[in-house]
There are 2 protein chains.
Amino acid sequence: MSTIIYPENTSPAADAEAIRKACQGWGTDEKAIISIIGHRNATQKKLIRQAYEELYCEDLVKRLESELSGQFEKAVYRWILNPRDRDAVILHVAIKERAIPNYRVVIEYSCIYSPEELLAVKRAYQARYKTSVEEDIAQYSTGHLRKASFFLFFFLVFLPTFIFVAWSRCLCLIPFATYIQFLVGLAGTYRYVGDELNARVANSEADILHNAISTKDFNNEEIVRIISTRSTTQLVATLNRYKDHYGSSITKHLLDDTNEGNKEYLLALRTTIRCISDPQKYYEKVIRYAMNECGTDEESVTRVIVTRAEKDLKEIKEVYYKRNSVTLDQAITNHTSGNYKAFLLTLLGNE
Amino acid sequence: MSTIIYPENTSPAADAEAIRKACQGWGTDEKAIISIIGHRNATQKKLIRQAYEELYCEDLVKRLESELSGQFEKAVYRWILNPRDRDAVILHVAIKERAIPNYRVVIEYSCIYSPEELLAVKRAYQARYKTSVEEDIAQYSTGHLRKASFFLFFFLVFLPTFIFVAWSRCLCLIPFATYIQFLVGLAGTYRYVGDELNARVANSEADILHNAISTKDFNNEEIVRIISTRSTTQLVATLNRYKDHYGSSITKHLLDDTNEGNKEYLLALRTTIRCISDPQKYYEKVIRYAMNECGTDEESVTRVIVTRAEKDLKEIKEVYYKRNSVTLDQAITNHTSGNYKAFLLTLLGNE
């Protein structure tokens with residue numbers, strides 16, 4: 001359920017006028033901006049953008065970008081955009097605008113969003129950036145991930161004398177192509193969304209996954225096939241069968257491998273499984289890791305709160321409280337500050 | 001351009017009645033059926049199906065299936081369905097209903113259809129078969145393609161003493177995962193469809209492709225990335241740069257490898273490039289190979305004629321005549337017979 005508190009009947013023109021007023025003169029009245037846009041849903045925000053454009057022949061998004069700054073500006077920018085544009089921006093930042101791409105975001109969108117929602121995000125991405133999500137993932141993963149294939153290359157080319165001793169280990173290393181194709185496959189697959197599931201397939205694929213994982217054959221193409229193409233309903237059944245038959249969740253078993261060359265790929269697999277099994281629990285974990293003693297990863301905090309505020313942030317808050325014995329509002333209060341904090345708390349449902 | 005000849009103003013009810021009459025009594029009047037449905041476009045056929053259902057409380061598609069037989073029935077069945085349902089049926093037959101899957105069809109749909117058309121086919125496929133195209137490709141490729149990975153397994157596990165001599169050869173063999181992910185990637189990628197292209201990328205990716213192909217490094221992840229994710233406009237530019245710089249087309253260079261284990265994957269790559277570069281020339285080749293001295297592959301002939309009749313069959317006929325110095329109509333007359341022949345000739349624009 002949504003956390004934002006918004007009045008049913010609002011006047012887009014009056015809202016636009018109030019925002020304009022908050023932006024004029026010396027300094028910006030951030031509190032006034034928060035009090036308006038923090039209490040409007042997607043449709044209302046769209047109408048405000050339109051009214052603002054009509055009244056002042058100016059793009060509200062650009063105006064807010066120039067008036068605000070820091071994490072507060074980033075959060076407002078994402079919030080004021082229409083949801084699919086916002087998702088396109090978040091994906092683009094994650095894939096192309098960071099020194100190290102954040103593939104967790106790709107997995108999040110691919111596995112938590114419905115195929116139709118994902119498709120709408122892809123359309124918005126193409127319209128905005130003139131490339132496809134898939135080609136950007138594929139292209140921009142190159143540099144970052146090549147280190148995984150480096151291990152394979154090293155063992156096979158420079159140390160041929162080691163092959164006999166190390167061959168079984170080599171087989172466990174995940175080639176670059178598998179990882180990249182896994183990510184592109186996840187983002188590309190238009191999954192079946194119906195409720196139909198095949199119990200026999202769930203049993204046999206749980207066994208296939210277990211055989212591959214217990215022998216550390218992570219490069220097994222069956223893992224990629226099952227996780228990247230099956231419907232969510234089918235996959236959840238498979239994961240449940242896995243737990244029933246083998247006493248522990250697949251994500252726990254994936255932790256058994258400590259090979260550095262496999263680390264990122266196995267993390268991607270675990271993230272995928274978490275997103276599919278329990279999105280709210282996954283988001284709770286993202287926020288928990290983003291706010292710790294070493295500092296705060298505002299990008300992740302903003303992403304979760306802004307993208308989920310009108311969807312299931314209420315449930316995420318409950319999961320967070322159960323797991324941490326502290327409310328998410330309190331955690332946000334402790335780890336953020338200023339207008340940014342005030343804005344996030346507003347989206348979390350504080351009046 | 002379309003080849004079918006159809007009157008602008010038709011009466012769906014009268015057509016439905018005439019078809020009903022042709023199906024009643026002893027024997028079926030196939031000629032009457034051809035004279036109606038062979039001269040109707042997609043919209044008209046849809047209205048006939050609706051009128052038939054309303055008038056006789058019976059599904060026209062099922063009735064025709066039970067009245068007709070052989071290749072003629074298969075062709076009529078595909079023709080009478082709405083285009084996206086027909087595509088779903090053709091894809092399903094190619095992936096799941098044959099002893100050896102025909103991946104050429106997957107590549108055809110993935111590369112020749114626009115992303116929106118492909119998406120509509122995927123929706124029809126899900127509605128009809130309750131699975132996604134991607135998971136069926138991934139699942140049903142397994143048995144057939146495992147022989148490719150068998151080579152790798154054989155060299156690495158059973159003949160370790162051969163590794164030093166054969167390692168470079170081993171590296172050239174394409175693992176199963178690469179092939180399967182290539183097909184799933186092709187079908188999954190929602191390509192960018194705009195006209196924007198990056199000339200610098202076209203140059204550099206032509207070089208990347210050439211380096212991989214000239215060193216027979218077909219397993220290079222860059223080949224898969226470039227071919228399965230780039231927009232058609234961008235890929236055509238890359239293929240042209242390749243030809244400009246290296247004097248020959250990439251498909252010719254892909255023929256240089258004679259390794260049996262790579263055969264199918266390289267064929268898939270060549271098919272993909274042909275579909276992207278020149279769809280009409282590709283379809284001409286499919287028909288030419290389908291009608292030769294050893295016999296006729298009616299499934300392929302039907303597929304091309306039925307799916308292209310309302311699109312670009314006129315251009316395909318022209319390409320066919322230029323290449324073979326015989327008209328496609330004449331070739332069809334020589335290689336097919338009976339009602340099947342009469343029906344195909346009708347779709348080819350014969351009165």
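The values are calculated or read from the model by the stated rules, or taken from the named source; none is laboratory data. Please read all numbers here as calculations on a predicted model, not as lab measurements. Note that each Cβ is placed from the backbone with ideal geometry, even for glycine, and that neighbours are counted across all protein chains shown. What goes into the accessible areas is simple: the full protein's heavy atoms, side chains included, and nothing from ligands, DNA or RNA. Shrake-Rupley method; radii C 1.70, N 1.55, O 1.52, S 1.80 Å.
Numbers below:
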item	result
Column: log10 I(q)/I(0), Debye, Cα scatterers of the stretch B:282-347, q = 0.22 Å⁻¹	-0.89
Contact surface B-A: accessible area buried, both sides summed, square angstrom, 1.4 angstrom probe	3800 Å²
Shielding by other protein chains, A:190-197, mean Cβ within 10 Å	5
Additional length obtainable on full extension of the chain from A:ARG288 to A:GLU53, 0.36 nm per residue less Cα span	80.7 nm
Other copies of B:ASP256: label-to-label distances in nm, shortest first, labels 7 Å along the beta-carbon direction	4.5
Modelled FRET efficiency - R0 30 Å, A:LYS263 with A:LYS322, Cβ distances, 0.05 increments	0.55
Given charges at Cβ of Lys, Arg, Asp, Glu: chain A dipole, positive-most of A:LEU183, A:ASN262, A:ILE332	A:ASN262
Among A:194-204, B:293-303, the order from most to least packed when residues are scored by Cβ within 10 Å on average	B:293-303, A:194-204
Pairwise Cα inverse-distance average, inverted: Kirkwood Rh of the protein assembly as shown (Å)	28.4 Å
For A:LYS243, label point 7 Å along C-beta direction: distances to other copies, nm	5.6
Area accessible to solvent at A:TYR6, 1.4 Å probe radius, in Å²	80 Å²
Choice from B:PRO83, B:PRO12, B:PRO101 showing the highest fluctuation, given a GNM over chain B with Cα pairs closer than 10 Å	B:PRO12
Dipole in debye (nearest 20) - the protein assembly as shown, about Cα centre, beta carbon charges: Lys, Arg +1; Asp, Glu -1	780 debye
Taking N as its residue count, the alpha carbon Rg of chain B over 2.2 N^0.38 Å	1.11
Accessible surface, the stretch A:1-136, averaged per residue in Å² (probe 1.4 Å)	43 Å²
For the stretch A:213-291 versus the stretch A:296-351, the gap between their alpha-carbon centres in whole angstrom	26 Å
Among A:112-121, B:309-318, the order from most to least packed when residues are scored by Cβ within 10 Å on average	B:309-318, A:112-121
222 nm mean residue ellipticity, helices alone, for the protein assembly as shown (DSSP H n ≥ 4; -39,500 (n - 2.57); rounded to 500)	-22000 deg cm²/dmol
FRET E, pair A:SER35, A:ALA13, Förster distance 25 Å, beta-carbon r, rounded to 0.05	0.90
Per residue solvent-accessible surface (Å²) - the stretch A:282-347, probe of 1.4 Å	43 Å²
Mean Cα-pair separation over length for chain A, i.e. relative contact order, pairs under 8 Å, 6 or more apart, %	21 percent
Rounded accessible area of B:MET1 (nearest 10 Å², 1.4 Å probe)	120 Å²
Alpha-carbon spread of the stretch B:232-313, three principal axes, descending order, Å	38, 32, 18
In nm, spacing of pseudo-spin labels at B:LYS46 and A:GLN24 (7 Å Cα→C-beta vector)	5.2 nm
Simple Cβ-charge dipole of the stretch A:188-311, Lys/Arg +1 and Asp/Glu -1, about Cα centre, in debye nearest 20	280 debye
Max mean-square fluctuation residue, GNM over chain B, Cα-Cα springs under 10 Å, options B:THR131, B:THR251, B:THR178	B:THR131
Sulfur and carbon atoms: percent of accessible area, chain B [1.4 Å]	52 percent
